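A.B. asks: Below is one structure. I have some questions about it.
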Amino acid sequence: MKTPKVFESEYRFCLILWEHEPINSTELVKLCKEKLGWSKATTYTVIKRLSERGVVKNENATVTSLISKDEVQASEIDELVERTFEGSLPAFVASFTKRKDLSPDEVAEIRRMIDSYGEG
């Protein structure tokens with residue numbers, strides 16, 4: 001099943017939800033007001049929109065996610081690689097590493113990830 005699209009403002013909402021779930025919708029409204037400056041109506045609109053797309057569930061005033069942070073991030077990367085790099089992950093990595101200085105620890109971590117991928 002394809003991961004539903006989560007747009008930027010929705011993603012910021014989801015970050016709050018993932019950190020606090022399961023959470024009462026009234027408490028979630030308070031957190032969104034505090035962290036995002038959203039009104040109660042905006043928060044409930046986002047909950048409804050994400051519920052309709054299968055990203056969150058709101059049952060008995062308790063909101064939980066149906067999609068994990070990892071799933072959303074992976075879907076965004078897949079879309080970026082497909083759209084911008086014609087589906088080529090090596091082209092994406094090459095472009096990324098040309099623009100960003102990686103620390104030796106980051107390089108070692110990426111090497112470990114690639115090595116472990118080859119093993120499994």
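Nothing in this text is a laboratory measurement; each read-out follows from the coordinates by a stated rule. Small disclaimer: the values here were computed from a predicted structure and weren't measured. So basically every Cβ, Gly included, is an ideal-geometry build from the backbone, and we count neighbours across all protein chains shown.
A.B. asks: Can you list the residues, at least 5 places off or on another chain, whose amide H is less than 5 Å from the amide H of Val56, using H built in the peptide plane?
C.D. replies: For Val56, whose amide H was placed from the backbone, the distant partners under 5 Å are Ser51, Leu66.
A.B. asks: From the phi of every residue in segment 56-63, what ³J(HN,Hα) in whole Hz does the Karplus formula 6.51 cos²θ - 1.76 cosθ + 1.60 yield, where θ is phi - 60° and glycine or proline is x?
C.D. replies: My calculation for segment 56-63 gives 10, 10, 10, 10, 6, 6, 10, 9 Hz in order.
A.B. asks: Something else: Can you tell me the 0 to 90 degree angle between the C-alpha axis of helix 40-52 and the longest principal axis of the chain, rounded to 10?
C.D. replies: Once rounded, the angle reads 60 degrees.
A.B. asks: Sorting Phe7, Phe85, Phe13 on the 10 Å Cβ count, fewest up front, what's the list? Can you show the working numbers first?
C.D. replies: Working: Phe7 11, Phe85 16, Phe13 27.
The fewest-first ordering by Cβ neighbours comes to Phe7, Phe85, Phe13.
A.B. asks: Shifting gears a bit: So if I place +1 on the C-beta of Lys and Arg and -1 on the C-beta of Asp and Glu, and nothing else carries charge, what would the dipole magnitude of the chain be about its Cα centre? I want it in debye, nearest 20.
C.D. replies: Values: 18 positive and 21 negative charges, 122 e Å.
With Lys and Arg at +1 and Asp and Glu at -1, about 580 debye.
A.B. asks: So what is the 222 nm mean residue ellipticity for the chain from helices alone, if each DSSP H run of at least 4 adds -39500 (n - 2.57) and you divide by all residues, rounding to the nearest 500 deg cm²/dmol?
C.D. replies: Values: 6 runs with 82 residues, N = 120.
Here the helix-only value at 222 nm equals -22000 deg cm²/dmol.
A.B. asks: Kindly write out, for segment 82-96 in residue order, the coupling ³J(HN,Hα) from the Karplus curve 6.51 cos²θ - 1.76 cosθ + 1.60 (θ = phi - 60°), rounded to whole Hz, with x marking Gly and Pro.
C.D. replies: Here the 3J(HN,Hα) series is 5, 6, 9, 10, 6, x, 8, 5, x, 5, 4, 4, 4, 5, 4 Hz.
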